[in-house]
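What follows is a set of notes on a single structure, which appears directly below.
The values are calculated or read from the model by the stated rules, or taken from the named source; none is laboratory data. Predicted model, so just to flag it, every value in this text is computed and none were measured. Cβ placement follows ideal geometry from the backbone for every residue including glycine, while neighbour counts extend to all protein chains displayed. Protein only, heavy atoms only, side chains kept; ligands, DNA and RNA dropped before computing areas. Shrake-Rupley method; radii C 1.70, N 1.55, O 1.52, S 1.80 Å.
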Amino acid sequence: MMINKDTKICISIAKKPGNFGAFFHNYLYKEFKINFIYLPIKVEQNELKKAIDAIKVFKIRGCGVSMPHKIKVIEYLDKLDDSALKTGAVNTIVNENGILWGYNTDYYGAKKAIQIKSKIKKRDVLLIGAGGVARAIGLAVKELGGNLKITNRTAKKAEDLAKKLGAEVYPWEKLNKAEGYMLINATSVGMNNPKEMVVKKETISNFKIIKDVVISPLETKLIKEAKKLKKITIPGFVMCVYQAIKQFELYTGKKMPESLIKKMLRKMSHYEKQKI
């Protein structure tokens, strides 16, 4: 691909950017033979407004938004899609001729990831976390008919999200006694320290399905322990692939064929073994 004056730029912003987005999107730009490029950028919380202003100034086509900016970024956008309005969080910005639209493709990715492995209608789902990604996952669980319970180290955040989604609050101090059908980790636990888990091994035994949002490492300790216990597992990369597919479609207007979706899921399952 030749980078030139017509190249459309897409970026992602995060306090601790990773390589997943660059690997995924740039691979697809080559597959579709389109003149796009994707670059992850480190943005501190006090730099967020300047970063969003730069999207307009430099006519950046799209921007992925990661921790910890998914909620705060809303005040700097022009319009919000229903997915962002319902979740109260944005992980995708699309620049439509200088108008910045906020979307939540995490919601789409979470819904697809859950549907692939389970049917949660009328079943108990415990969501750990109350940040931007938790909002998207919680909405997906509710729309799929799950009985959603939310727990968070800061109780007020769990209460606020539960009220927004029409869910129950589960006490943080009782987390390791929890039980149900599906347990979802929507925190960053396991990302910075791969030896950490958000719950004890005994708690995993009390659920049939374990889902994590952490994508690095691909198999977190939570997922590894769940596999040892013969649980159904949904690693973070599955949700991440589906949300990134939705981003790609929003940025480029190209529809992803099912065959390529399957190829990307296989490719990302070996992501850490590849040179990036």
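³J(HN,Hα) across segment 180-186 via Karplus (A = 6.51, B = -1.76, C = 1.60, θ = phi - 60°), whole Hz, x for Gly/Pro?
x, 8, 9, 10, 10, 8, 10
Starting from a Cα-only point model with no solvent, please compute log10 I(q)/I(0) by Debye for the chain at q = 0.14, 0.16 1/Å.
Debye curve over Cα of the chain, log10 I(q)/I(0) at q = 0.14, 0.16 Å⁻¹: -0.98, -1.27.
Please calculate how many Å² of accessible area segment 171-276 carries per residue, with a 1.4 Å probe and no DNA, RNA or ligand atoms counted.
Numbers: 5350 Å² over 106 residues.
Heavy-atom SASA per residue in segment 171-276 reads 50 Å².
Please state the relative contact order of segment 2-120 as a whole percent: Cα pairs under 8 Å, 6+ residues apart?
On the way: 189 pairs, mean separation 27.2, N = 119.
That works out to 23 percent.
Measuring from label point to label point, each 7 Å out along Cα→Cβ, what is the LYS121 to GLU202 span in nm?
3.6 nm
For segment 4-70, with equal point scatterers placed on the C-alpha atoms only and solvent neglected, what are the log10 I(q)/I(0) values from the Debye formula at q = 0.13, 0.22 1/Å, to two decimals?
Debye curve over Cα of segment 4-70, log10 I(q)/I(0) at q = 0.13, 0.22 Å⁻¹: -0.36, -0.92.
In whole Hz and in residue order, list the ³J(HN,Hα) couplings for segment 25-36 that follow from phi through the Karplus curve 6.51 cos²θ - 1.76 cosθ + 1.60, θ = phi - 60°; x for Gly and Pro.
Along segment 25-36, the couplings run 5, 5, 4, 5, 4, 5, 4, 8, 6, 10, 7, 10 Hz.
Probe radius 1.4 Å, ligands and nucleic acids left out: which of ILE232, ILE116, ILE13 has the largest accessible area, and how do the rest follow? Walk me through the intermediate numbers first.
Working: ILE232 55, ILE116 90, ILE13 5 Å².
The ranking, largest first, comes out as ILE116, ILE232, ILE13.
Please give the per residue volume of the convex hull enclosing the alpha carbon atoms of segment 6-130, rounded to a whole number of Å³. Before the final figure, lay out the partial values.
Details: hull volume 16.1 nm³, N = 125.
About 129 Å³ per residue, rounded to a whole number.
For the chain, with all protein chains present and a 1.4 Å probe, just round the carbon and sulfur fraction of the accessible area to a whole percent. Kindly include the intermediate steps, with their values, before the conclusion.
Working: 7130 of 13940 Å².
Here it works out to 51 percent.
To the nearest 0.05, what FRET efficiency results for GLU159 and LYS50 with a Förster distance of 41 Å applied to their C-beta separation? Mind showing how you got there, number by number?
Details: r = 33 Å, r/R0 = 0.80.
The computed FRET efficiency comes out at 0.80.
So for ASP124, ASP212, what's the accessible-area order with a 1.4 Å probe, most first? It would help to have the intermediate numbers written out before the result.
Working: ASP124 65, ASP212 0 Å².
I get ASP124, ASP212, largest accessible area first.
Give me, ordered by chain and number, the residues 5 or more places off ILE234 or on other chains with an amide H under 5 Å from its own placed amide H.
When sequence neighbours closer than 5 places are left aside, the close amide H contacts are ILE210, LYS211, ASP212.
DSSP loop trypsin sites (Lys or Arg not before Pro) in segment 96-186 with at most 16 other Cβ atoms within 10 Å of their Cβ, which ones?
Details: sites: LYS111, LYS112, LYS117, LYS119, LYS121, LYS122, ARG123, ARG135, LYS142, LYS149, ARG153, LYS156, LYS157, LYS163, LYS164, LYS174, LYS177; in loops: LYS119, LYS121, LYS122, ARG123, ARG153.
Sites meeting the loop and neighbour criteria: LYS119, LYS121, LYS122, ARG153.
Given the alpha-carbon gyration tensor of segment 167-273, what are the semi-axes of its equivalent ellipsoid in whole angstrom, ordered largest first, with each equal to the square root of 5 times an eigenvalue?
Details: eigenvalues 165, 47, 33 Å².
Value: 29, 15, 13 Å, ordered largest first.
Looking only at the chain, where both bridge partners belong to it, what percent of the DSSP beta bridges are antiparallel (to the nearest 5)? Could you put the intermediate results ahead of the total?
On the way: 8 of 39 bridges.
Around 20 percent antiparallel, to the nearest 5.
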